[in-house]
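The values are calculated or read from the model by the stated rules, or taken from the named source; none is laboratory data. Computed from a predicted model, the values in this text were never measured in an experiment. FYI the Cβ positions are ideal-geometry reconstructions off the backbone, even for glycines, and counts take in every protein chain you see. Heavy atoms of the whole protein, side chains included, go into the accessibility calculation; ligands, DNA and RNA do not. Shrake-Rupley method; radii C 1.70, N 1.55, O 1.52, S 1.80 Å.
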Amino acid sequence: MDSPSPTQSRKRAADGPGRAGGKRLRSDTLGVRLGNLSRSPTAHDHSETLTAGNRADPRIHEDGSIRDVQDSPSDMKDYTVSRHSGDTAHRPKPRCVRISGIPKRWSDTDLIAALQTFDPSLEGRQHDISMYPACCGDTQTALLNSNTCAEIVERRQSKQATHIFNESSGSEIFLAIDSHFNDLTPLNRAESIILADVVAVTGLAGHAFGSWRNRNTYKMWLKDFLPEDVLGFRIMTYGYNSNLVNDTVDDEFLDYRRRFIHTLQNARRGAEKRPIIFVGHSMGGILILQALLQCNNGRQYKHLFAATRAILFFGMPHQGMEVEELRAMVKDVSPLAASRLEIIQQLEEGSNFLNTQKDDITNLWDAASEIEILSFYETKKTVTVGKSATGSWGRSGEKVNMVKKNSAQLFWPWEHRIPVSSDHTEIVKFSHREDTTYQDVVTHMIKWKESIGKKSSRTCS
């Protein structure tokens, strides 16, 4: 018999807060007590000046734009988001956190009930919550807009907290809450028959959720639009730590692509032949190509390359991008971040790394290949980073062509080349379904779905 859900357990609790079904609930947050983390940010939290002598603003993206609230803890404010509310004019930007390890039998009500045992302030609030099957394993993953949970995570430098929920049956449920969205995150509940996997990969210093979300409507098209417009696809977003300043890692492209490949393998157990459609923004496109090169050259990963059906490149710097301001910022703020400087050097125009990659990918496919290429290129300049008189770095630099038109295209005969009236950041932030570029995406997705469906039918017949 299944263990009681948190909702049932809470109904049985009669021995005060922190207990359910006669058993005490404990919260293991890697050494931090949750009870001390539930306060709202102070005014100082919102107005902190980040100088070069202290640290660079962590909200700065690769293109010089300032990250939205999804990526910036200091911008987080109190809010209540209704599941049915469509009014965005009078509410602060939503903040999304990821919760992993949720049992399949739990509903969203059960999850909120469990979280309330850790943080009673969640009770009585409305919550915008979406729950999907995990990318791998037999659990669920939830995306939750809740200020309190965001505070729990953001008060930790690791941006992750692990909680243990003891059910009345005695079983332990491990819930992981994070805001970094590293590795794969599910964005929909696909139909019983999944025709293909859609995997979106963000760029340098990007965020796997926030980098795809519109700043005005707060809609994240991979989650809010695409699952309804193209049924039968499992949609996921992939994140990795490529920060230029603060909370940096020493990973190189070799490390990034190895982790990406193995994460994909984990998510495709038992479905190795299922078609894959990749979506890459800027450096995310480079990571996709690097992974495919390794998959094609290594026998043990060949199935991932063979399953690739299409790649959508958004602002992909095949021949490099503008990096001078980013290089100056990293040298000024993180002079010891050698790996970050190396990646910037690899992304600059005319780099040996990109020239070698362009030669290598010509051997990946030819005109007879079934892999379709869509190259979206920006037509507007992007404001890059600049250093103020006070020594702080922010979105105060000049407008530049971050990725030039020629760099964002391969100029192959079978390539679809599509201009986008946007800058380097906004090129993947569709505000509504009627967006012309989004409709370009949907048109090709539907075509691929029909083609995959026909091929699958012939295989089964």
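Data overview
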{"read-out": "Accessible area in the full protein assembly, largest first, 1.4 Å probe, for Trp412, Trp106", "value": "Trp412, Trp106"}
{"read-out": "Local electrostatic count, Thr237, Cβ distance below 12 Å [Lys/Arg +1, Asp/Glu -1]", "value": "+2"}
{"read-out": "Ordering of 386-397, 315-326 by packing [mean C-beta count within 10 Å, highest first]", "value": "315-326, 386-397"}
{"read-out": "Summed side-chain charge close to Val249 - residues other than Val249 whose Cβ falls under 12 Å, Lys, Arg +1, Asp, Glu -1", "value": "-3"}
{"read-out": "Calculated FRET efficiency for the pair Asn352/Ser388, C-beta based, R₀ 30 Å, to 0.05", "value": "0.30"}
{"read-out": "Shape category assigned to the stretch 211-250 from the gyration tensor of Cα positions, a/c cut at 1.5", "value": "oblate"}
{"read-out": "For the stretch 255-371: rounded, prolate or oblate by the Cα gyration tensor [a/c cutoff 1.5]", "value": "prolate"}
{"read-out": "Viscosity 0.890 mPa s, temperature 25 °C, Stokes-Einstein D of the stretch 366-461 from Kirkwood C-alpha radius, µm²/s", "value": "150 µm²/s"}
{"read-out": "Within-11-Å neighbourhood charge of Lys380 [Cβ basis; K, R +1; D, E -1]", "value": "-1"}
{"read-out": "Rounded, prolate or oblate (a/c below 1.5 giving rounded, otherwise prolate when a/b exceeds b/c) for the stretch 188-308 by Cα gyration tensor", "value": "oblate"}
{"read-out": "Student exercise, the stretch 105-244 dipole from Lys, Arg, Asp, Glu Cβ charges, in Debye to nearest 20", "value": "440 debye"}
